[in-house]
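Read-outs throughout are calculated quantities, based only on the coordinates presented, and are distinct from any laboratory measurement. Model, not experiment: these values are computed from the prediction. Please note: Cβ atoms are built from the backbone with ideal geometry, for glycine as well, and neighbour counts cover all protein chains shown.
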Amino acid sequence: MIQVIETAEEMQRVADRLRSEGKKIGCVPTMGFLHEGHISLMQKAREVSDVVVISIFVNPTQFGPSEDLERYPRDLEGDLKKAEEAGVDYVYFPSNVEMYPEGYQTYITVEDVSQGLCGASRPAHFRGVATVVAKLFNIMKPHMAFFGEKDYQQLKVIERMTKDLNFDMEIVGLPTIREPDGMALSSRNAYLSDSEREQALSLSRALEHARSLAANGERRVPVLVEEAKEIINNAQGVKIDYLEIRDGQTLEEIHEIKGPARMLVAAYVGKARLIDNMSIP
Ligand code: PAF
């Protein structure tokens, strides 16, 4: 039977007990409104750990003042059902005050890898992500934590932070889960009408197009970027925030494909800001 824990103190006590029994803890931090992407992370955690702990917390410090914190979709009952079916043992479900009590004033900034891409249009976003994830690691005390490549820059920020701050645990990144037509799964897809969803498909199509051009020998980054942008600009109602190709590991800017690279895109479709990315071979 899945167990919901609401305080850091109890979660830490449970994690300590599990560790003293020699159990390997796998964790999946989430903001809830679970979809198949989250489920794939939980299933992997189930496969390789003894105990699976997820967190559900819509973290206010990673939202900007004009972003969608208030209307971010929530469905605790549905989430618990899905988590139980995926074999989750514990759900850490703290309140805002539990995570950020009065007087709270400590934040983590991961420097270079947080710059540009989503960091440019969401200036405090990765500071909020790094802070809450570090707190969740200290509370859930996992041996392994699972994140989706869908939030690729976030994954790189978390990998860097874990290494730099000597968290004694492993970060596992897993591939983006897509609908059969290529649309990347995201809780924010819930904001899209049918016609907006159709327009939003241009993102994955643009990435696929650039990927196949690269696979056929095109190495020039500006050419790949322009080709991909054209596909999105032809889809009415989609406004590109950024579309770039970066080094696949460091996310540094590159001008030519010489090794593993990543094309990353963010765009506004209706009320949603969507992101997607793919590896460029
Ligand atoms: O990817 C998310 O859902 C969130 O950014 C995370 C990692 C749970 C931190 O709030």
Quiz item: By average Cβ neighbour count within 10 Å, what is the ranking of 90-99, 272-281, 214-223 from highest down?
Solution: 272-281, 90-99, 214-223
Quiz item: For region 61-78, in order, what is each residue's ³J(HN,Hα) by Karplus, 6.51 cos²θ - 1.76 cosθ + 1.60 with θ = phi - 60°, in whole Hz (x at glycine and Pro)?
Solution: 6, 9, 9, x, x, 9, 8, 8, 3, 5, 9, 4, x, 9, 7, 4, 4, x
Self-check item: Model label zone, E256; criterion: amide N under 12 Å from point 7 Å along Cα-to-beta-carbon; scope region 219-236
Solution: 219-221
Self-check item: Relative contact order (percent, whole number), the chain, Cα cutoff 8 Å, 6+ residue spacing
Solution: 17
Exercise. Calculate, for E21 and K271, the FRET efficiency according to 1/(1 + (r/R0)^6) with r their C-beta to C-beta distance and R0 45 Å; round to the nearest 0.05.
Key: 0.45
Quiz item: T176's amide H: which non-local residues (gap 5+, or another chain) put their own amide H closer than 5 Å, with H modeled 1.01 Å from N in plane and none for Pro or chain starts?
Solution: E149, K150
Exercise. State whether region 156-281 is rounded, prolate or oblate according to the following rule on the C-alpha gyration tensor (a ≥ b ≥ c being the square roots of its eigenvalues): a/c under 1.5 gives rounded; otherwise a/b larger than b/c gives prolate, and the remaining case gives oblate.
Key: oblate
Quiz item: How would you order 53-62, 35-44 from highest to lowest mean count of nearby Cβ atoms within 10 Å?
Solution: 53-62, 35-44
Self-check item: Alpha-carbon Rg with Dmax, taken over the chain, Å
Solution: 19.1, 58
Practice problem: Within region 148-183, find all residues whose amide N lies under 15 Å from a label point positioned 7 Å from the Cα of D247 along Cα-to-beta-carbon. | Solution: 156-157, 160
Quiz item: How about K229: which lysines have a C-alpha closer than 16 Å to its C-alpha, ignoring those fewer than 8 places off in the same chain?
Solution: K239
Quiz prompt | Listed peptides 21-34, 115-128, 144-157 by packing density, highest first (mean Cβ within 10 Å) | solution = 144-157, 21-34, 115-128
Self-check item: Whichever aspartates and glutamates have a C-alpha closer than 13 Å to that of K135, once near sequence neighbours (fewer than 8 apart) are set aside
Solution: E9, E98
Practice problem: Specify the inter-centroid distance of region 162-226 and region 1-72, based on alpha-carbon positions, in whole Å. | Solution: 24
Self-check item: 14 Å Cα-Cα reach of K150 towards aspartates and glutamates, excluding residues that sit fewer than 8 places from it in its own chain
Solution: E36, E179, D276
